[in-house]
Amino acid sequence: MLSVMTRATLLTRVISLSVIATLFFTVVQPAWAEDEEEGGPAFKDPTIVTDDSSSVPAGVKDIGKEKKPIVNPVYEEWWFWATAIGVAGAVIAATVIPFQKKAPGCGSQYGLGCIGDGR
Amino acid sequence: MRSFTQFSKGLLATGMLAASLVGIGGCGPDYALFKVNVTSSTSPRTQIEECFMSIKDEKDKLVLDRYEFHKVYGAAGEPMIQGCEGGLTTDRIGSLSYSSSRTSGTLTFRVNAWDNNGTRCGHIADDERVAQGDQPASPPCVPLQTGNGSATPKTYNGPNDEIPVSVTIK
């Protein structure tokens, strides 16, 4: 019986952490997406032929010419690593530290035993 | 400005994470604490070999299955202090602490005292076999003595919240 409850507690904990992680990455992800939108070039469809088209489609001409370096990569930001360390620490702590409050231990007056799933 | 926006979002995400973890920690399940006092009111206690306790909830579902009481012996020549054993069981059998993650409903504590037939019966009484969908044993499995006590769990916040339960087997 006790082992069943322990598994249930573990399952609840894993589900909770999954929800937290989902919420976390939902907030963080748009910050990266905005970077790309603000800094990147406008998209050109290489298959469109325009008035000044040569033998090479306009979009294709750009391919290989410009290798745009990554500007301000997120992994060079201090807050990214601070957040990553914080998340990793929180996950480890949440896994190791029991959430359930524990009943106090028993003295010698309880000679028949000291049991229960609250311990 | 963009860095400030990113920093703000990172801070918000970290805050959400911390708040969620604190929330989970604060919402951890409570527990109830029972002090079960077991006594025996009638003879023949000299034939008692072992005592087992089971606990059921208000839906008659087993919460604890056949817990055997510990035995506490006194000095040589002194009576047994707590527990059940042939020829040594006193009328005050002893106390047990039980903590439950349940803080509502009703728990029923049942104590069965068995003589030598307990081993043959697997310490399962016939009424318990029937409740589990099995046939009664032959010859019958009937405890020498049996007793029940019920209590309603409540959240334990301090020594005054320990719930006393009395079970008298007879």
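The values are calculated or read from the model by the stated rules, or taken from the named source; none is laboratory data. In this text the structure is predicted, and so the values were computed from the model without any measurement. Cβ sites come from the backbone with ideal geometry, for glycine too, and all protein chains shown count toward neighbours.
Taking the criterion of being part of a loop (DSSP other than H, G, I, E, B) and crowded, with 16+ Cβ neighbours inside 10 Å, the residues of segment B:127-141 that qualify are B:A137, B:C141. Return a yes/no flag: does segment B:96-109 have any residue that is at pLDDT 90 or above, surrounded by fewer than 20 Cβ atoms within 10 Å (Cβ to Cβ), away from chain A (no Cβ under 14 Å) and more than 19 Å from B:G149 (Cβ to Cβ). No, that holds for no residue. Among the residues of segment B:72-83, those identified as facing chain A (nearest Cβ under 9 Å) and assigned to a loop (DSSP other than H, G, I, E, B) are B:I81, B:G83. B:F69 - would you say it is facing another protein chain (nearest Cβ under 10 Å), out of contact with any Pro (no Cβ under 8 Å at 6 or more places or on another chain) and among the aromatic types (F, W, Y)? Yes, satisfied. Screening B:H123 against (1) more than 15 Å from B:V167 (Cα to Cα); (2) within 13 Å of chain A (Cβ to nearest Cβ) leaves a single unmet condition, (2). Here is a check on your reading of the model: is B:N160 in the same structural domain as B:S40 (by TED's automatic domain parsing), exposed (fewer than 13 other Cβ atoms within 10 Å of the Cβ) and not in a loop (DSSP other than H, G, I, E, B)? Here the answer is yes, as B:N160 does meet what is asked. Filtering segment A:59-109 down to residues that are more than 10 Å from chain B (Cβ to nearest Cβ) and within 30 Å of B:A32 (Cβ to Cβ), which residue is modelled with the lowest pLDDT? This residue is A:V96. Taking B:T146 as the residue in question, decide whether it is in a loop (DSSP other than H, G, I, E, B), of a type in the set (S, T, N, Q) and either in the same structural domain as B:T42 (by TED's automatic domain parsing) or surrounded by 12 or more Cβ atoms within 10 Å (Cβ to Cβ) (or both). No: the conditions fail for B:T146. Here B:G87 meets the list (1) surrounded by 15 or more Cβ atoms within 10 Å (Cβ to Cβ); (2) without any contact (Cβ under 8 Å) to a residue 60 or more places away in the chain almost entirely, failing just condition (1). Considering segment B:31-66, the residues that are in a loop (DSSP other than H, G, I, E, B) and farther than 30 Å from B:D161 by Cβ include one that is nearest to the other protein chains (Cβ to nearest Cβ), namely B:I48.
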